[in-house]
Every structure is written in structure tokens, then in C-alpha cells.
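S.K.: The following block contains the structure, expressed as C-alpha cells.
The values are calculated or read from the model by the stated rules, or taken from the named source; none is laboratory data. Owing to the predicted nature of the structure, the values given are computational and were not obtained by experimental measurement. Cβ sites come from the backbone with ideal geometry, for glycine too, and all protein chains shown count toward neighbours. Just so you know, the surface numbers come from the protein's heavy atoms only, side chains and all, with ligands and any DNA or RNA stripped out. Shrake-Rupley method; radii C 1.70, N 1.55, O 1.52, S 1.80 Å.
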Amino acid sequence: MNDPERAMLLSVHPRFATAILAGSKTVEVRRQRVAAPPGTPVLLYATAPTMALVGMARIASVHVASPKEVWSVHRAQTGITRREYDAYMDGAAQASGLTLEDPVVFDEPVPLSALRAAGAFHPPQSYRYLKSADLRQVSKAGPAVGSVLRRVLPDAVHA
């Protein structure tokens, strides 16, 4: 599972992307189990109306538990209200709290149109993993992203 040439592509609302990149939101919650090891790079895709890759961070840790426990442990770091959390988690049997660190804002966001011009690109509903070929495609679409990825995952981007 600990593939050094793999990254996560995470779709988030623009307000959450901004908060993650500013460092004020350090935990992103998901309704399903996330099994990514610490150190995994996370590319942040801001959903509509932004529709662009805006930055990245790294996974520091992943806490998988009941929605109640994840809220109890991480509520101050989620950047959302209890009402928003409960509405999002309604009906979920488990939750994942992804603690993110080392946020990097891309100098130039990479719009969806540029990502698609570089090849087949589909932003995930929640998240998906990117392998070397995906990372090379993203690097081609946005030179600013490519320079950051070459520092973080040189083997994956140059392969």
C-alpha cells in the first residue's frame, strides 16, 4: 500500500481548500475508510465554481472510527460546524479524519480545462489515488504543479 509513486487527489469545496492551504483546517473528514499511509501527497482539487487544482499537502495521519469518535477527537481542526458534520455523516457507519500537514499553495491554479487538455481527467466525487502516469499528466497540465511534484515525487513524475 505504501507506494512512493502514488498520491491522493482530493475534491474539496473551495472554502475548505482555502482553509487547508492557510493551515486553519488541518483535518479533512470523509464518510468512507481512507487507507493512505502518512507522508502520502494530497493534491487539492477545489470544486465548482473554482474547478482547479489549487495546492497540495501531505497526510500526517488517518483516524478511522465511528463518526461520533472522529468528531470528538478532531472537531476543532475540521473547519466545519457540528451541524455541517452531522449532515455530511448522516447514515455513515464509519468516518475517516485525515490530518494534513505542509500545505503548499500553487502559484498558478491548474483549471479543469487544462487538466482535460493534457489527457482524460475526471475529478473524483470524494478522492482517488493517482499513479505515476496520472501525476505526469497533471505535471504537463500545470508547470507550477509539476515543479512541486518533482520535488515531492521525483521518480513518479520523471518516469
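S.K.: Is the shape of the range 1-93 rounded, prolate or oblate, going by the alpha carbon gyration tensor and its root eigenvalues a ≥ b ≥ c, with a/c under 1.5 for rounded and a/b larger than b/c for prolate?
M.R.: Because a/c hits 1.5 or more and a/b fails to exceed b/c, the range 1-93 counts as oblate.
S.K.: Expected output is a single nm value to one decimal: the length gained when fully extending between GLN137 and HIS13, i.e. 0.36 nm times separation in residues minus the C-alpha distance. What is it?
M.R.: My answer for the length gained is 42.3 nm.
S.K.: Modelled label-to-label distance, HIS122 and ARG31, 7 Å Cα→beta-carbon offset: nm?
M.R.: Modelled inter-label distance: 1.9 nm.
S.K.: Under a cut-off of 23 Å between alpha-carbon atoms, report the lysines in cross-link reach of LYS25, not counting same-chain residues fewer than 8 places apart.
M.R.: Output for LYS25: LYS68.
S.K.: If you count the DSSP beta bridges with both ends in the range 1-56, what percent of them are antiparallel, to the nearest 5?
M.R.: Restricted to the range 1-56, the bridges split so that about 45 percent are antiparallel.
S.K.: Turning to a different aspect of this structure: Return the percentage of antiparallel bridges among DSSP beta bridges fully within the chain, rounded to the nearest 5 %.
M.R.: Working: 25 of 30 bridges.
Here the share of antiparallel DSSP bridges comes out near 85 percent.
S.K.: Summing +1 for each Lys or Arg and -1 for each Asp or Glu, what net charge is found among the other residues whose Cβ lies under 11 Å from the Cβ of ALA17?
M.R.: Local net charge: +1.
S.K.: Next question. Heavy atoms only, probe 1.4 Å: what % of the accessible area of the range 33-135 goes to carbon and sulfur, would you let me know?
M.R.: Solvent-exposed carbon and sulfur of the range 33-135 make up 53 percent of the total.
S.K.: Hey, another quick one. Between 0 and 90 degrees, rounded to the nearest ten: what's the tilt of helix 143-152 against the longest Cα principal axis of the chain?
M.R.: With both axes taken from Cα atoms, the answer is about 70 degrees.
S.K.: Within the range 77-109, name every residue whose backbone N is under 15 Å away from a label modeled 7 Å from Cα of ALA144 along the Cβ vector.
M.R.: 104-109, by backbone N distance to the label point.
S.K.: Something else now. Which lysines have a Cα less than 18 Å from the Cα of LYS140, not counting those fewer than 8 places away in the same chain?
M.R.: Hits, sequence-local ones excluded: LYS131.
S.K.: Quick check for you: with a 1.4 Å probe and neighbouring chains kept, what is the accessible area per residue of the chain, in Å²?
M.R.: About 49 Å² of surface per residue is accessible.
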